Amino acid sequence: MSFFFRAASRPRSSQQDLVRSIKDSLLALDTKTGAKALEDVEKNIFTLRQTLSGDGEVEPNQDHVLQIALEICKEGVLSLFVQNLPSLGWEGRKDLAHCWCILLRQKVDESHCCVQYIENHVDLLDFLVVCYKNLEVALNCGNMLRECIKYPSLAKYILESNSFELFFQYVELPNFDIASDALNTFKDLLTKHEDAVSEFLISHYEQFFELYKRLLTSDNYVTRRQSVKFLSEFLLEAPNAQIMKRYILEVRYLNIMMGLLKDSSKNIRICSFHIFKVFVANPNKPRDIIQVLVDNHKELLKLLHALPASKGEDDQLDEERDLIIKEIEKLVRLSV
């Protein structure tokens with residue numbers, strides 16, 4: 001009598017079992033109701049957090065962490081994380097965001113497996129951006145988005161997506177914490193990857209700066225202050241020289257800076273001066289820019305003489321202001 005034995009299958013690892021438990025509990029949220037289903041999910045995510053980052057006494061096993069990341073991608077759990085984030089409680093959302101950041105950093109043969117998964121499921125990025133509208137999960141989503149933005153392909157997608165325009169609304173949200181968090185994400189999008197940002201701004205110049213103009217002229221003081229401060233830093237960075245050269249040729253943007261020089265806020269006046277001075281110092285000023293400076297020279301000189309010094313840069317600011325005053329006076333003499 002002969003016997004035929006089926007080859008033994010490879011036993012599942014504890015890492016695979018954990019990922020399967022997480023997946024099953026997340027899927028059960030759609031079919032079950034009550035605290036038990038949510039409790040199971042949050043318990044599993046807490047276990048995942050301890051496995052990925054250690055429990056304070058035992059350091060995580062990096063091989064296990066990598067295996068979990070691979071299994072999570074294979075089972076589509078990253079999608080379930082994002083889709084079910086709004087259903088979790090405060091601690092569960094915090095644990096999930098923490099795990100998300102660790103998972104994205106895992107590399108296999110020089111490739112980030114979870115980043116590649118998101119590249120193939122970019123709707124997750126759109127979902128995270130839209131979640132800024134949800135007060136309860138906005139800060140968690142911001143944290144997860146900023147981790148995504150560290151990777152050029154994901155940042156590039158967000159910049160070029162329709163979702164990007166939502167940030168111009170989010171930075172003016174009435175909730176200060178969420179508006180500030182959205183601004184931090186917005187800044188990361190525009191500063192983390194110079195080549196992608198330069199390419200984006202060149203191809204979307206009109207659209208971007210028309211939207212940004214609304215922030216500079218907002219009725220909200222905090223929005224005006226933060227947007228002009230960021231612009232004064234952003235435009236003057238070397239990688240953005242081409243964008244700045246185009247920006248300072250336009251009368252509409254000169255008029256905005258002249259308006260901000262009149263702002264009641266000292267900080268706003270100083271930041272706007274740092275952009276205004278580039279319009280004036282430009283050796284290749286267009287005729288219409290020169291005409292605006294000449295036509296408004298009396299008010300401009302008065303505003304510049306009254307410009308307050310900023311702490312730590314008093315001497316430099318005074319020197320720059322004097323040079324700009326002299327240049328405007330020179331333009332007036334030449335126009336006579």
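The values are calculated or read from the model by the stated rules, or taken from the named source; none is laboratory data. If you're wondering where the values come from, they're calculated on a predicted model, not measured in any experiment. Reconstructed Cβ throughout: ideal geometry from the backbone, glycine too, with neighbour counts over all protein chains shown. For accessibility, only protein heavy atoms count, side chains too; no ligands or nucleic acids. Shrake-Rupley method; radii C 1.70, N 1.55, O 1.52, S 1.80 Å.
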Taking Cα pairs closer than 8 Å and at least 6 residues apart, the relative contact order of the chain in percent is 9
Per the 1.4 Å probe, what fraction of the accessible area of the range 142-219, in percent, lies on carbon and sulfur atoms? 46
Have a look at 334, 122, 142 and report the one farthest towards the positive end of the charge dipole of the chain, computed about the Cα centre with Cβ charges (Lys/Arg +1, Asp/Glu -1). 334
Near residue 252, within a Cβ-to-Cβ distance under 14 Å, what is the net charge of the other residues, with Lys and Arg +1 and Asp and Glu -1? -1
Cut-off 10 Å between beta-carbons: net charge of the residues surrounding residue 101, Lys and Arg +1, Asp and Glu -1: +2
Using +1 at the Cβ of each Lys and Arg and -1 at the Cβ of each Asp and Glu in the chain, identify which of 13, 223, 99 lies farthest towards the dipole's positive end. 223
Working note, the range 253-314: Cα radius of gyration (Å, one decimal) and Dmax (Å, whole number) are 11.7, 36
For peptides 271-279, 107-115, sequence by mean Cβ density within 10 Å, most packed first: 271-279, 107-115
Just list whichever of 107/213; 156/213; 133/277; 36/187 have alpha carbons separated by over 29 Å in the model shown. 107/213; 133/277; 36/187
With +1 on the Cβ of every Lys and Arg and -1 on the Cβ of every Asp and Glu, the dipole magnitude of the range 198-336 about its Cα centre, in debye rounded to the nearest 20, is 340
Which ³J(HN,Hα) values, rounded to whole Hz and listed in residue order, are derived for the range 172-182 from phi using the Karplus coefficients 6.51, -1.76 and 1.60 in 6.51 cos²θ - 1.76 cosθ + 1.60 with θ = phi - 60°, glycine and proline given as x? 10, 4, x, 7, 4, 4, 6, 4, 5, 5, 4
Could you tally the net charge around residue 324, taking each other residue with its Cβ under 12 Å from the Cβ of residue 324, Lys/Arg +1 and Asp/Glu -1? -2
Using modelled backbone amide H atoms (1.01 Å from N, in-plane), which distant-in-sequence or interchain residues come within less than 5 Å of residue 108's amide H? 113
If the only charges are +1 at each Lys and Arg Cβ and -1 at each Asp and Glu Cβ, what is the size of the charge dipole of the chain around the Cα centre, to the nearest 20 debye? 580
What whole-number value in Å² describes the accessible area per residue of the chain for a 1.4 Å probe? 52
Tell me the mean residue ellipticity at 222 nm calculated for the chain from its helices only (DSSP H runs of n ≥ 4, each -39500 (n - 2.57), averaged over every residue, nearest 500). -21500 deg cm²/dmol
Place +1 on the Cβ of every Lys and Arg and -1 on the Cβ of every Asp and Glu in the range 204-333, take the dipole about the Cα centre, and give the residue among 272, 296, 307 whose Cα lies farthest towards its positive end. 296
Cα gyration tensor shape for the chain, rounded if a/c is under 1.5, else prolate or oblate: prolate
